[in-house]
1. Probe radius 1.4 Å, ligands and nucleic acids left out: which of Leu202, Leu147 has the largest accessible area, and how do the rest follow?
2. Ignoring ligands, DNA and RNA, how do His65, His155, His285 rank by accessible area with a 1.4 Å probe, largest first?
3. Using a 1.4 angstrom probe on the protein heavy atoms only, line up Glu12, Glu295 by accessible area, largest first.
4. If you project the alpha carbons of the range 15-86 onto the principal axes, what extent comes out on each, in Å, largest first?
5. List the residues, sorted by chain then number, that are 5 or more residues from Ile274 or on another chain and whose placed amide H is less than 5 Å from its amide H.
6. Using the crude model of +1 on Lys and Arg Cβ and -1 on Asp and Glu Cβ, and no other charge, please compute the dipole size for the chain relative to its Cα centre, in debye to 20.
7. For the range 157-292, what proportion of DSSP beta bridges, expressed in % and rounded to the nearest 5, is antiparallel?
8. With runs of 4+ DSSP H residues as the only contributors, calculate the mean residue ellipticity of the chain at 222 nm using -39,500 (n - 2.57) per run, divided by the residue total and rounded to the nearest 500.
Amino acid sequence: MNGIKTAIGTKEDISTAVAIIKGGGVVAFPTETVYGLGANAFSEEAVKEIFKAKGRPSDNPLIVHIPSVNWLNLVAKNVPDIALKLFKKFSPGALALVLEKSDNIPEIVTAGLPTVAVRIPKHDIALKLIEECGVPISAPSANISGLVSPTKASHVFADFNGKIPLILDGGDSEVGIESTVLDLTKNPPIILRPGAITADMLLKVLPKVLTHKGEVLIAQSPGMKYKHYSPKCEAVSATLFSVALNEYKKALNNGKSPVIIWCNPQGAEGAEVINLGGNAGECMHNLFAVLREAEVKYNYIILQYFEESEREFTALNNRIIKAVNGVVLRA
Ligand code: AMP
Ligand code: MG
């Protein structure tokens, strides 16, 4: 493809782009994430041209773009309900879902994997282009492999002038970074590449997700956003007894009537201290009763926050953090 004249078109030139793609060629087009270099996803020969133009290693799979969920079964099979839910909430948009590949998709697209990444881009030109081509379009970012992804038609031109026949100019890419890639073939689903659709956004639909850093995130159960378990008076927590004592003295000096609530307190130095219990089970058992007792006798509660490494205290810490509205004093 070297030595050809590269045209820059607008949405008026979508029909030219359609003809090129139907003829097995590649065209650069705008999406809201970054510009893509597209070809007919059903044609091994056409997709080969993408890899050639970009210098992309053949083991790096491409995202397949479709205009609506109605096309999903053309590119993927055994599509789980959760994929439809996610697309319903986030599409068109910056979310690519990895699903079981349909037999229609040649191996070159998926780098030999049994899975395929699918996305519905949020850009009029991209959607119209795919619809008029009548085939899904596989498209990686329209940059030479290893270089920065393009967010303007001029960036694509800089990399591909003389190598591709047409760049459709749709203005600056609104999002500006590549899509979130979420693998739905794993349980819990894994974010393979973070993007504008964040883990927290995905957790509005998914109960659990594994981040690209390997952290498991769990959706909050309904109602957790409401404030619960708060005593009627001001309350803070502290990780060390010495920190709690300091806070106690400050509160006294400020004319408050403070109390420390602690597990096995030692060396109270004359401070008012309530023993929460001798172990995690006792502390759990006593927590709410002690808080109720304290809120009527005192007006400032300093509550122990347990070491996060001590897993038997996890549930307790969860209630404590709510009681103190997230305030943890550390040394
Ligand atoms: P780009 O073409 O630059 O947007 O990159 C596409 C991204 O999607 C790469 O990070 C690929 O590794 C990822 N990807 C595409 N298809 C798959 C797949 N079937 N399984 C896992 N990751 C994929
Ligand atoms: Mg890329």
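The values are calculated or read from the model by the stated rules, or taken from the named source; none is laboratory data. Given the structure is predicted, the values throughout are model-derived calculations rather than measurements. Reconstructed Cβ throughout: ideal geometry from the backbone, glycine too, with neighbour counts over all protein chains shown. Quick note on the areas: whole protein, heavy atoms, side chains included, nothing else; ligands and nucleic acids left out. Shrake-Rupley method; radii C 1.70, N 1.55, O 1.52, S 1.80 Å.
1. In descending accessible area the options line up as Leu147, Leu202.
2. Correct descending sequence by accessible area is His285, His155, His65.
3. Output order, biggest surface exposure first: Glu12, Glu295.
4. Largest first, the range 15-86 extends 36, 32, 24 Å along its Cα principal axes.
5. Hits under the 5 Å cutoff: Ile260, Ile261, Trp262.
6. Rounded to the nearest 20 debye, it is 400 debye.
7. 55
8. Values: 11 runs with 101 residues, N = 331.
Helix-only estimate at 222 nm: -8500 deg cm²/dmol.
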